[in-house]
Amino acid sequence: MSTIPGRRLDRVPAEAIAPRPAFDRCAHIGVRPQKQAGLSWIGVVLPVGKLTAAQMRGLAKIAADLGDGDIRLTVWQNLLISGVPEDKAAVAEATIGSLGLATKASAIRAGLIACTGNAGCRFAASDTKRHAEEIAAWCEPRVALDGPVNIHLTGCHHSCAQHYVGDIGLLACKVATSAEGDTVEGYHVLVGGGFGPDAMLARDIYPDVKAADAPATVERMLRGYLANRSGPDESFLAFTRRHEVGALRAMFDAEVGE
């Protein structure tokens, strides 16, 4: 058995370490400069991670013709096209738009994630992707957010969409509608989850919410945040962590949708 001679670790003073850059929840969307001079990457928004075959072929052609041929996936169910020369970025954006896709997203859609759901997974208790789209379509014209809020919908306790680290997490369930055992699709709603420097598990706030009521429930939560936050600089995450669940529920329940 051979041995490797030991070596003292190199040490540097703390002041030589650059601080971590500020976290940008929308950094995966839009045209962004690469480290390589003259090149950009483009973050393409996919509707809760869904693409048609024609859109996939179109994106592949854009990457090959206008970029470096690479397509990279993000944890937000979107994708990046890299190596696009700056003078071709506008053409690439327009071509992406012609595919029915976008390079911009609202504060709600920028952090909206849904697992496959029961449209394609036997474990899921609800149609998460359809319900995610319904939440976005309902809330976007009714709530004017000035910062992104992550909303995660997952179909079962396997938590492929990681509902427990979302600002708002929805875990699919069956909601009883009669004493005879009839049920409809629904969700347990959680609040205040985070990741990275803000890592924390979300807390239960609304159990057994019917899927049909989920859009209005999320709307009230967002309205309650805007009405009661300490100021424009307080994020949804910071706001929800500043209050106990009972207090949050009272503030949210006091909101009446339009």
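The values are calculated or read from the model by the stated rules, or taken from the named source; none is laboratory data. As the structure is a computational prediction, the values presented were derived from the model and not from experiment. No Cβ is skipped: glycine too gets one built from the backbone with ideal geometry, and neighbour counts run over all protein chains shown.
Could you please find all residues in region 235-252 being of a type in the set (D, E, K, R) and part of a helix (DSSP H, G or I)? Hits for region 235-252 are ARG241, ARG249. When ALA214, ALA227 are checked against the criterion of being under 17 Å from ALA125 (Cβ atoms), touching a helix residue (DSSP H, G or I) at 6+ places or on another chain (Cβ under 8 Å) and not in a strand (DSSP E or B), ALA214 stands alone in meeting it. For region 221-230, a residue qualifies if it is surrounded by fewer than 20 Cβ atoms within 10 Å (Cβ to Cβ) and under 20 Å from the mean Cα position of the chain (by Cα), and exactly one does: LEU226.
Go through the residues of region 26-49 one by one and say whether even a single one is of a type in the set (Ser, Thr, Tyr) and either over 34 Å from the mean Cα position of the chain (by Cα) or on the phi > 0 side of the Ramachandran plot (or both). There is no residue in region 26-49 that is of a type in the set (Ser, Thr, Tyr) and either over 34 Å from the mean Cα position of the chain (by Cα) or on the phi > 0 side of the Ramachandran plot (or both). When region 109-126 is filtered for residues that are under 17 Å from the mean Cα position of the chain (by Cα) and touching a residue at least 60 places away in the same chain (Cβ under 8 Å), the ones remaining, listed by number, are ARG109, ALA110, GLY111, LEU112, ILE113, ALA114.
Across region 104-122, the qualifying residues are those that are under 19 Å from ILE42 (Cα atoms) and among the small types (Gly, Ala, Ser), and the one among them that is surrounded by the fewest Cβ atoms within 10 Å (Cβ to Cβ) is SER106.
Are there any pairs with C-beta distances below 8 angstrom linking a residue in region 176-191 that is within 21 Å of ARG130 (Cα to Cα) to a residue that is loosely packed, with under 12 Cβ neighbours inside 10 Å, with the two at least 6 apart or on different chains, and if so which? Pairs that qualify, where the first residue is within 21 Å of ARG130 (Cα to Cα) and the partner is loosely packed, with under 12 Cβ neighbours inside 10 Å, are ALA176/ASP182. Within region 139-146, can one find any residue that is farther than 30 Å from ALA37 by Cα, of a type outside the set (A, V, I, L, M, F, W, C), part of a loop (DSSP other than H, G, I, E, B) and touching a strand residue (DSSP E or B) at 6+ places or on another chain (Cβ under 8 Å)? No, that holds for no residue. Pairing residues of region 210-236 that are over 15 Å from ALA250 (Cβ atoms) and in the same structural domain as CYS139 (by TED's automatic domain parsing) with residues that are in a helix (DSSP H, G or I) and acidic (Asp, Glu), at Cβ distances under 7 Å and at least 6 apart in sequence or on separate chains, gives PRO215/GLU134. Output the qualifying pairs, or none if there are none: Cβ atoms under 6 angstrom, residues six or more apart or on different chains, first residue in region 79-106 and touching a residue at least 12 places away in the same chain (Cβ under 8 Å), second residue exposed (fewer than 14 other Cβ atoms within 10 Å of the Cβ) and assigned to a loop (DSSP other than H, G, I, E, B). From region 79-106, the pairs are SER82/ASP70; GLU86/GLY38. When you check PRO232 against the structure, is it modelled with pLDDT under 95 and assigned to a helix (DSSP H, G or I), yes or no? Criteria not met by PRO232.
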